[in-house]
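Colleague: Structure in structure tokens, see below.
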Amino acid sequence: MTTGERIDRNRSTPSREAVTGAGWDRRQPGSFEDLMPTRARRRRFSWLDPRILWQARRNDLIARFLSDPANEERRRWVAAQRGRPEVPEDFIIDRSDLTSAKFLVLGDTGEGDASQFALVPPLLEIGKDTQFTVICSDVVYPAGDVNEYLDKFFVPYKDHPRPIYALPGNHDWYDGLNGFMVHFCGASPSERSLGRNRILRRLWRKPARVRPRVLERCRSLRPQLEGHSRQPGPYFAIDTGPLRIIGIDAGINGQLDREQGEWLRRVSRSSPKPKILLTGKPIYVDNQHRDDEGGIEDGATRVDDIVRAVEHNFVAAIGGDVHNYQRYPVRVGNRTIQYIVSGGGGAYMSATHRIPKVDVGGVDEEDFRCYPLRGDSLSAYSKVVDRRFFFGLGLTHIPPARRQP
């Protein structure tokens, strides 16, 4: 058997059935390293770095325990966008020219290191026949800095020839959504602190000033491809011929402001087409139905109530935030809604071996799907623990061959 035959056979073997299908036997370095700029190779992104942790957690702690300014600030950004003549009515991007909807959904992409660049070659290959891509949550880590978009968005995806839309995650909100709105929505940069609370305004991390050279370089790497490639706001809908895709901004704590909640109800009922919800916060994840998140400011409705309403015709709800893949086919009345976690887009991979045996929303273990498989996840994490705490002696490492599907 030739090497080519061996590779083809391994590719056709599911990871649920064989170690080779999970890729454990690969030893050749990936070509993605050639895509990485020199500065990305030198500055390895690490969540163990106290500086990065402080950037990521400072505003998160303020939002959770003092005051969350996301709803107020989102209203301000959206009001400014509505006053622009090129912004479409009701934030609906018209792609009714598309007779079929082929698009990619990524989540949690922007560490700007090997974990992000490793996914670029398959993204370019798989996405070459798609019409657009949507990033669900955390476009740029650790705090959505407007200047860090160069190395963590524009450089990695410079060769992707289709529009890329995005929904902000909590990390994109840590600079008040400034970087996100500048790059995705063409908004003017803001340097103000957030909210009306004086303590909040003093403590909140102010957004960085835009460096003109960086902005110019970003525009040269991914120029505007088409008139509809720029999104109208932090939440929006895309109308294709057969499908309406609705994207919402769940802020830092998974909450929607009152205006966005009204908009979501309106665009959900105004078309009979099948719909897919895209969000920065998944509704089903880690064997839990997160009904404590996804609330709307008016308190009358939750996002999942809108998804489940039969008249809205939702077929799926896809969210990022948790860095792996999970799928829960939930029966709602006489139909099935696919609740999906799609967060393996470029950040570190979250463990799946910690997900308990699934028994939520009428979904059991047999119907649940995740990636990586629990056994592969356990093997990978055991290797990390062994390397960090036991000098790579193999004392805690569980070899891939011993993993369970």
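The values are calculated or read from the model by the stated rules, or taken from the named source; none is laboratory data. Fair warning: this is a prediction, and the values are worked out from it, not measured in the lab. Every residue, glycine as well, gets a Cβ built from its backbone with ideal geometry; the counts of neighbours run over all protein chains shown. Remember, those area values only see protein heavy atoms, side chains included, never the ligands or the DNA or RNA. Shrake-Rupley method; radii C 1.70, N 1.55, O 1.52, S 1.80 Å.
Colleague: Could you check which residue among Gly241, Gly110, Gly344 shows the biggest mean-square fluctuation in a GNM of the chain with a 10 Å Cα cutoff?
Modeller: The residue that fluctuates most here is Gly241.
Colleague: The stretch 118-269: Rg/Rh from Cα coordinates, Kirkwood Rh? Present the calculation step by step, with values, prior to reporting the outcome.
Modeller: Values: Rg = 16.1 Å, Rh = 16.6 Å.
With Rh from the inverse mean 1/r over Cα pairs, Rg/Rh is 0.97.
Colleague: Of Lys281/Lys357; Lys152/Lys206; Lys102/Lys357; Lys152/Lys281, which sit over 24 Å apart, Cα to Cα? All intermediate terms of the calculation are to be shown ahead of the outcome.
Modeller: Values: Lys281/Lys357 22 Å; Lys152/Lys206 20 Å; Lys102/Lys357 33 Å; Lys152/Lys281 21 Å.
Result: Lys102/Lys357 exceed 24 Å.
Colleague: Divide by every residue of the chain the summed helix terms, -39500 (n - 2.57) for each DSSP H run of at least 4, and state the resulting mean residue ellipticity at 222 nm, rounded to the nearest 500 deg cm²/dmol. It would help to have the intermediate numbers written out before the result.
Modeller: Values: 12 runs with 112 residues, N = 405.
Here the helix-only value at 222 nm equals -8000 deg cm²/dmol.
Colleague: Please list the non-local residues whose amide H lies under 5 Å from the amide H of Ser15, H modeled 1.01 Å from N, same-chain partners needing a gap of 5 or more.
Modeller: For Ser15, no residues qualify.
Colleague: Sticking with this structure for a sec: Count the DSSP beta bridges whose two residues both fall in the stretch 299-388, then state the antiparallel fraction as a percent rounded to the nearest 5. Write out the running numbers ahead of the final one.
Modeller: On the way: 13 of 17 bridges.
Around 75 percent antiparallel, to the nearest 5.
Colleague: With the crude spin-label approximation of a point 7 Å out along Cα→Cβ, what separation in nm comes out for Ala401 versus Val385?
Modeller: Inter-label distance under the simple model: 2.2 nm.
Colleague: Roughly how many percent of the accessible protein surface of the chain is carbon and sulfur, given a 1.4 Å probe and a whole-percent answer? Intermediate values should be presented prior to the final figure.
Modeller: Values: 9890 of 19530 Å².
Result for the chain: 51 percent of the exposed heavy-atom area is carbon or sulfur.
Colleague: Using only alpha carbon positions, build the gyration tensor of the stretch 291-374, then give the equivalent ellipsoid semi-axes as the square roots of 5 times its eigenvalues, largest first, whole angstrom.
Modeller: Details: eigenvalues 114, 55, 26 Å².
For the stretch 291-374, the semi-axes come out at 24, 17, 11 Å.
Colleague: Additional query: Please identify which residues in the stretch 161-176 have an amide N closer than 18 Å to a label point set 7 Å out from the Cα of Gln288, following the Cα→Cβ vector.
Modeller: Residues 170-171 qualify, since their backbone N sits under 18 Å from the label point.
Colleague: Under a plain spin-label model, where a point goes 7 Å from the Cα along Cα-to-Cβ, how far apart in nm are Ile126 and Ile199?
Modeller: Simple spin-label model gives 4.6 nm for this pair.
Colleague: Can you give the extra length, in nm with one decimal, that the chain gains between Gln338 and Glu297 once fully stretched, where that is 0.36 nm per residue apart less the Cα-Cα distance?
Modeller: Working: separation 41, 0.36 × 41 = 14.76 nm, distance 2.56 nm.
That works out to 12.2 nm of additional length.
Colleague: What length, rounded to one decimal in nm, is gained on full extension from Arg211 through to Lys357, with 0.36 nm per residue of separation minus their alpha-carbon distance? Intermediate results must be reported in sequence, preceding the final value.
Modeller: Numbers: separation 146, 0.36 × 146 = 52.56 nm, distance 4.91 nm.
That works out to 47.7 nm of additional length.
Colleague: Between Val310 and Ser220, take the C-beta separation as r, use R0 = 51 Å, and let me know the FRET efficiency to the nearest 0.05. Numbers along the way, then the final one.
Modeller: Numbers: r = 48 Å, r/R0 = 0.94.
About 0.60, to the nearest 0.05.
Colleague: On to the next question. So what is the relative contact order of the chain, in percent, for Cα pairs below 8 Å that sit 6 or more residues apart?
Modeller: Details: 804 pairs, mean separation 64.4, N = 405.
With pairs under 8 Å counted, the relative contact order is 16 percent.
Colleague: Solvent-accessible area per residue for the chain at a 1.4 Å probe radius, Å²? Walk me through the numbers on the way to the answer.
Modeller: Details: 19530 Å² over 405 residues.
That works out to 48 Å² for each residue.
Colleague: Sorted from largest down, give the three principal axis spans of the alpha carbons of the stretch 126-182, whole angstrom values.
Modeller: Ordered largest first, the stretch 126-182 gives principal extents of 34, 18, 17 Å.
Colleague: When DSSP beta bridges are limited to those with both residues in the chain, what percentage is antiparallel, rounded to the nearest 5? If you can, show how the numbers build up before the last one.
Modeller: Details: 20 of 47 bridges.
Expressed as a percentage, antiparallel bridges in the chain total about 45.
Colleague: In addition: Evaluate 2.2 N^0.38 Å with N set to the residue count of the chain, then give the Cα radius of gyration divided by it. Don't skip to the end; give the middle numbers.
Modeller: On the way: Rg = 21.3 Å, N = 405, 2.2 N^0.38 = 21.5 Å.
This ratio for the chain stands at 0.99.
Colleague: Sticking with this structure for a sec: Work out how much length Asp94 to Arg16 would gain on full extension: take 0.36 nm times their residue separation and subtract the Cα-Cα distance, in nm to one decimal. Don't skip to the answer; put the middle values down first.
Modeller: Numbers: separation 78, 0.36 × 78 = 28.08 nm, distance 4.01 nm.
Extra length from Asp94 to Arg16 when fully extended: 24.1 nm.
Colleague: P(r) for the stretch 212-282, please, calculated from all Cα pair distances in 10 Å bins and given in %.
Modeller: That works out to 17, 38, 28, 15, 1, in percent per bin.
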